[in-house]
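What follows is a short report on a single structure.
Derivation of every value follows stated rules applied to the coordinates shown; laboratory data play no part. Quantities reported herein were computed from a predicted structural model and do not represent experimental measurements. With ideal geometry, Cβ positions are generated from the backbone for all residues, glycine too; neighbour counts draw on all protein chains shown.
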Amino acid sequence: MPSRQALAAFCERFRGQVVLPGDPGYERARAVWNATADARPALVARCAGVDDVDAAMRFARGHELLVAVRGGGHSYPGFSTCDGGMVIDLSPMGRVEVDPARRVATAAGGALLGALDRQAQAVGLACPTGHVSHTGVGGLTLGGGVGRLSRRHGLTLDNLRAVELVTADGRRVRADADSEPELFWGLRGAGANFGIATSFELGLHPVGPAVLAGIAVYPIERAREVAAAFTDAMAAAPDDVTAGLGWFVAPPGPPFPAAVAGRPVMVVNATHAGPLATAERDLGPLRALGPVLDSFAARSYLELQAESDRHYRWGRRNYWKGLLLEGLAPEAVDRIGELVAAAPGRDCGVGLLSLGGAFGRVPEDATAFSGRGARLWLITEAVWDDPAEDPARIAWGRQAMAALRPFATTVNYVNDLGQLDQDAVRAAYGPAKYDRLAALKRAWDPDNVFRRNQNIRP
Ligand SMILES: Cc1cc2nc3c(=O)[nH]c(=O)nc-3n(C[C@H](O)[C@H](O)[C@H](O)COP(=O)(O)OP(=O)(O)OC[C@H]3O[C@@H](n4cnc5c(N)ncnc54)[C@H](O)[C@@H]3O)c2cc1C
């Protein structure tokens with residue numbers, strides 16, 4: 001640990017806030033989104049700007065402190081905190097600016113998706129991002145970024161134009177298609193490995209302000225029929241349609257009708273990224289099976305992007321895992337139904353999102369992200385509040401992954417990887433990409449300073 005004197009000297013020149021164990025704000029400063037990630041860092045450096053990031057980096061290296069970099073704090077396994085080390089917290093760096101003429105947003109390293117959505121929608125634009133607005137632009141973009149516009153506009157990282165970084169040796173580097181192109185390639189899919197991103201330039205597209213979106217709810221007994229119809233509909237759907245399937249136990253009241261309230265259900269959800277005039281027609285096949293509840297309506301895109309924020313609020317306990325699939329086998333549909341029926345409590349569910357479209361047209365080698373051939377992104381989620389339920393909920397999550405992994409592709413979405421498991425990381429990229437990334441890691445972070453992530457070993 002650094003001496004008191006060294007710490008005092010560091011605090012003096014740091015513009016943001018340094019929070020230490022015992023300080024009044026420590027409990028708040030050390031918390032991350034997933035309450036099961038309950039680590040106690042030796043200090044949290046809440047950076048006010050790039051100079052602070054630089055200073056924090058140098059201090060951590062000078063005192064051989066383990067480093068955890070925090071953007072939005074949403075890493076499922078809690079990579080953005082650590083025991084005994086230093087959290088370099090970018091959350092005070094949350095500013096987003098939009099240039100409507102160039103259709104480009106510049107987001108600071110700790111910006112949240114909600115800020116990006118708000119600034120872009122103020123001028124009728126959007127960047128494809130994720131489903132929950134308090135997620136960080138940083139971790140989401142550096143790993144992928146799948147969401148409601150993926151089939152129309154690709155991943156968040158497909159829209160990345162440039163990144164500004166503070167590297168492990170304290171250099172400030174800009175990476176884009178012309179400057180450090182190999183680093184720019186690696187940042188798009190394995191980005192947390194190479195430095196601290198202090199700024200992202202992201203391309204924007206006209207979206208909304210209103211889009212047609214909603215859910216269609218079916219009793220679980222119709223799951224195979226609905227899954228088959230969903231697969232057919234998505235095979236023919238234009239890129240404007242990004243849709244998903246969800247399996248969960250319906251809450252016991254409105255808007256869920258008595259026929260399904262409190263019971264396992266299967267839900268089709270969809271967003272249309274294009275004009276309302278064509279949306280009714282394009283979403284028709286996904287709504288044609290006679291659901292017990294159909295909520296489709298023209299909605300504010302901005303509100304839609306924040307509608308799940310409360311459910312996925314900070315401070316709950318979570319166990320989430322993901323897989324990529326090439327298709328939806330009827331047996332997989334049966335397995336998912338059985339898993340949801342056997343869940344140990346409320347808020348255990350499985351979700352699928354359709355891929356393809358613009359996401360699938362990016363060549364596999366164009367970015368470090370792997371899995372462009374996948375047709376579906378699957379997530380198993382267990383969400384709960386009482387620590388006494390940890391064993392049962394985690395066991396369910398593990399059982400769900402074991403049951404569904406046989407249906408998955410060999411590669412995986414790295415943001416879904418839970419633990420520091422080297423074999424899983426290598427498999428997620430495939431051996432050729434992993435080796436290319438390892439060479440990049442040796443060039444930019446040979447000492448593996450940035451290892452609180454889905455780690456590429458130098
Ligand atoms: C509620 C919820 C909803 C989600 N929805 C989606 C979704 O719809 N689509 C999707 O694709 N993913 C989704 N995810 C997954 C999400 O993409 C990852 O968890 C992502 O890593 C979160 O980024 P963050 O900045 O919030 O997290 P953090 O925990 O802060 O960071 C995650 C990782 O990225 C690193 N990192 C973060 N910022 C920077 C930076 N500026 N520079 C360098 N490294 C950085 C951290 O060190 C850490 O390794 C969701 C996650 C949650 C919890």
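Listed values, structure above:
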item: Charge dipole (debye, nearest 20) of segment 362-458; +1 at Cβ of Lys and Arg, -1 at Cβ of Asp and Glu; result: 480 debye
item: Relative contact order (%) - segment 299-456, alpha-carbon pairs under 8 angstrom, separation at least six; result: 28 percent
item: Listed residues A45, T278, Q305: farthest to the positive end of the dipole of the chain (Cβ charges); result: A45
item: Value of relative contact order over the chain, rounded to a whole percent, pairs C-alpha under 8 Å and six or more apart; result: 16 percent
item: Gyration tensor (alpha-carbon) shape descriptor, segment 199-271, a/c threshold 1.5; result: prolate
item: Sequence-separation-based contact order of segment 54-207, relative, with Cα cut under 8 Å and 6+ spacing, percent; result: 23 percent
item: Residue (of P446, F14, A111) at the positive-pole extreme of the chain, dipole from beta-carbon charges; result: F14
item: Sparsely packed trypsin sites (Lys or Arg not before Pro) within segment 139-204, loop by DSSP, other Cβ within 10 Å at most 15; result: R171
item: In segment 304-413, chymotrypsin sites (Phe, Trp or Tyr not before Pro) in a DSSP loop with at most 14 other beta-carbon atoms within 10 Å; result: W314
item: 222 nm mean residue ellipticity, helices alone, for the chain (DSSP H n ≥ 4; -39,500 (n - 2.57); rounded to 500); result: -9000 deg cm²/dmol
item: Cα gyration tensor shape of segment 55-97, rounded if a/c is under 1.5, else prolate or oblate by comparing a/b with b/c; result: oblate
item: Global geometry of segment 213-345, whether rounded, prolate or oblate, following the gyration tensor of its Cα atoms and the 1.5 cut on a/c; result: rounded
item: For segment 274-347, size of Cβ-based charge dipole, Lys and Arg +1, Asp and Glu -1, in debye; result: 400 debye
item: The chain - Rg and Dmax from Cα coordinates, angstrom; result: 21.8, 70
item: Centre separation in Å (Cα based) which lies between segment 290-329 and segment 417-453; result: 30 Å
item: Dipole axis of the chain (+1 Lys, Arg; -1 Asp, Glu on Cβ), positive-most option in Y429, W247, F407; result: Y429
item: Segment 357-392 and segment 47-65: distance between their alpha carbon centers, rounded to Å; result: 32 Å
